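First the structure, in the form of structure tokens, and then the observations on it.
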Amino acid sequence: MMHMSECSFQAYSSLLRIMCTNVSIPCSDRYNAIYNEEDLHASLINLSLNGFYAESGMKRLSVSSGRRLPSGSWVRDRISSLSEGQVKDMMGKAHASMLDKLKEFRIFNTPVTVAIDYHKIPRYDRAADEKIVRSKHEKGTCRFECYATLQCVDEGRRAQICSQQVGCFDEKDAMIEKLVTETRLNGIETALLLLDRGFFTIDAIKMLKKVRVRFLMPCIMNDGIKKALQEHIEGKRKSLSRYIMGKGEHAVSFTLVILPRPDCNDSQKRYLLFATNIHEGHILWNIHKLPEDYRRRWGIESGYRDAEGVRARTTSMNNAIRLLYFLYSLVLYNAWLLANLIIADRFSMHLTQPVIKLTMMAAYFGMILMKEMPAG
């Protein structure tokens, strides 16, 4: 238990140092000021770990600890002084610093399998904002704040690598280009990019080929794909074949993979159909491993749920606050991976599954925060 506590303290110290170094939020420097920037980040970490709103959350923390802590309004007012541009710039540097910390454990020395997904945060206000996207009705609203994230889905190195806020006019091909480019700028090499069928469009596949990244995604059963499947059933098309989607200059080609699903009797659902640009020789070498490779994409779903669990809540319409809370959650998620890597290194373990759960890390961090923060 002592080793776990020490490793958690080491991860927490790295997190706080990274935040205080890269995310400079103005605080009073007067001689009679009670709280400083370190206390502000400690408060933000605590609010995030507990999924609290600023005002009620700081009150609950103050009551539970029996200490006078910064008020929620003090925390919120400090953040409100930032612009969206400042938040993006500073949190981007903090995220890169945390990735550099993870790199010290050599988890990115070999190419990684990654996935891209869109994550929606419900919005219940009526603000007219191009950063709010409309989608199918869910959780009492059809308006959402949306982020595209790229995450490593390999066991033992499931880091949140980069993210982009998605506006109502942003296309998926542009998001692919930004995320893949940022991943490379972070010095991380991609072995395979997994996507859901929402990216099965001509423009998205063109962009994937343009940025020269190997990809794998399931096909949407449109008329052309249904025809190709029927040709395969009739013996006129092989399991691996070149498929052209679209016409003329707008067309794009890729490798269509058709695999039987033995546990299904439905003629249409009895096959798995994937679009990819993996070299046919590599596919044929172990073709039945393809569905197993794709199943790793679900790692980003669990990764999003975990990151969502360490995001502070707000009803504010200030985009800088909302953006900071979301990006903070991604850095905290990576701090969780850092804590596990420190523990694995301490005990000479090969990390495949988390040694310490996120809830346990949150509890350790909470104890450290209450001990470190001065009583006002």
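The values are calculated or read from the model by the stated rules, or taken from the named source; none is laboratory data. Because the structure is predicted, anything quoted here is derived from the model rather than measured. We place every Cβ from the backbone using ideal geometry, glycine too, and count neighbours over all the protein chains shown.
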In region 244-261, residue modelled with the highest pLDDT [restricted to those that are in contact with a Lys or Arg (Cβ under 8 Å, 6 or more places away or on another chain) and more than 14 Å from I205 (Cα to Cα)]: I258
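So that you can scan it fast, the table gives a plain yes or no per residue for (1) crowded, with 17+ Cβ neighbours inside 10 Å; (2) among the aliphatic types (A, V, I, L, M):
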site	(1), (2)
P262	no, no
R296	yes, no
N318	no, no
L323	yes, yes
Y333	yes, no
R346	no, no
M360	no, yes
Provide a single number: the residues in region 280-313 that are part of a helix (DSSP H, G or I) and touching a helix residue (DSSP H, G or I) at 6+ places or on another chain (Cβ under 8 Å). 6
Restricting to region 41-59, what's the tally of residues that are surrounded by fewer than 18 Cβ atoms within 10 Å (Cβ to Cβ) and farther than 17 Å from T315 by Cβ? 0
The listed residue being closer than 25 Å to R295 by Cα, part of a strand (DSSP E or B) and under 32 Å from the mean Cα position of the chain (by Cα), out of L208, L216: L216
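For region 205-213, state whether one or more residues are modelled with pLDDT of 90 or more, closer than 20 Å to L330 by Cβ and buried (at least 18 other Cβ atoms within 10 Å of the Cβ).
no
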Would you check if there is a residue in region 314-335 being more than 17 Å from I116 (Cα to Cα), touching a residue at least 60 places away in the same chain (Cβ under 8 Å), of a type in the set (D, E, K, R) and not in a helix (DSSP H, G or I)? no
In this structure, is S97 touching a residue at least 60 places away in the same chain (Cβ under 8 Å) and under 17 Å from the mean Cα position of the chain (by Cα)? yes
